[in-house]
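Data first, discussion second: the structure below is written as structure tokens.
Please treat every number below as a calculation from the coordinates, not as lab data. In this text the structure is predicted, and so the values were computed from the model without any measurement. Glycine gets a Cβ as well: all are built from the backbone with ideal geometry, and neighbour counts include every protein chain shown.
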Amino acid sequence: MTKEIKGNKTMKKLYIILLMIATSAVLSQSFAQSDSYLKNRIIIEGTYLRNLGHFGEVWANAAGGYISYGIAFPEHNYLMFRVGYLNNTLKDGVEYNDASLSIIPLEIGGRYYFTDSRFMPFVQFMNGLNIISENTNLEGEMKDETLVKYAWQVGLGLTINIISFLSLDVGVNYQSNFYETEAMNTGFEYAAGIGIAIGN
């Protein structure tokens, strides 16, 4: 009977040791640095835009989001495809009843990462087409219209790799959207989001 009790205690200790070893292996695998942090990723971002110029005198700012797919290349280069949705807000004091202006950006561009490490600063350039839906123009005339205009932006940012497959992205961009010749939709964009690695 005593031998059986001792045997049970020994087995329990063995199980606990094996469980600790297995847990340590899983955690070390999850948090270990991979050969490269620069991986193909899906990036989901929220964004706030402060509009400038004549356009900004009517539409003060915009908010929305993007979803991007990034493809990693050698030498810290990154190709990106991006789609989003932005909704503009009238400036205080502008009284256009039920006015709305929304934008769907369809863009391609890229990043250059200065390092391949846990903290990765980058420069970014994106360009493409904006599909603009509005029911009121800058002069306040009610008119439903859909415009397709070229847009580009350039900026700086930082990717923070939390663990091998999850990252945090922050960035600031200057952008120019070709809304009208006399009212270019220029402004500063502030973005933050998360990236999820796809594949190894």
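Brief remarks on what is shown
- When you filter the GluC sites (Glu not before Pro) in region 156-200 for DSSP loop state and at most 15 other Cβ atoms inside 10 Å of their Cβ, you are left with GLU182.
- Convex hull volume of the Cα atoms of region 62-112, normalised per residue: 76 Å³.
- Region 35-197: Cα Rg divided by the 2.2 N^0.38 Å rule of thumb: 1.12
- Taking other residues whose beta carbon is less than 14 angstrom from the beta carbon of PRO105, and scoring Lys, Arg as +1 and Asp, Glu as -1, yields -1.
- Net charge in the neighbourhood of ALA151 (other residues with Cβ under 12 Å of its Cβ; Lys, Arg +1, Asp, Glu -1) is 0.
- Taking the fewest neighbouring Cβ atoms within 10 Å as the starting point, the ordered list for TRP59, TRP152 is TRP152, TRP59.
- With θ taken as phi - 60° and the Karplus curve 6.51 cos²θ - 1.76 cosθ + 1.60 applied, the whole-hertz 3J(HN,Hα) list for region 56-73 is x, 6, 10, 9, 6, 7, 9, 9, x, x, 10, 10, 10, 10, x, 10, 7, 10 Hz, x standing for glycine and proline.
- With neighbours defined as other Cβ atoms within 10 Å of a residue's Cβ, the residues PHE114, PHE122 order from fewest to most as PHE114, PHE122.
- Sorted by Cβ density within 10 Å, fewest first, the residues ASP116, ASP92: ASP92, ASP116
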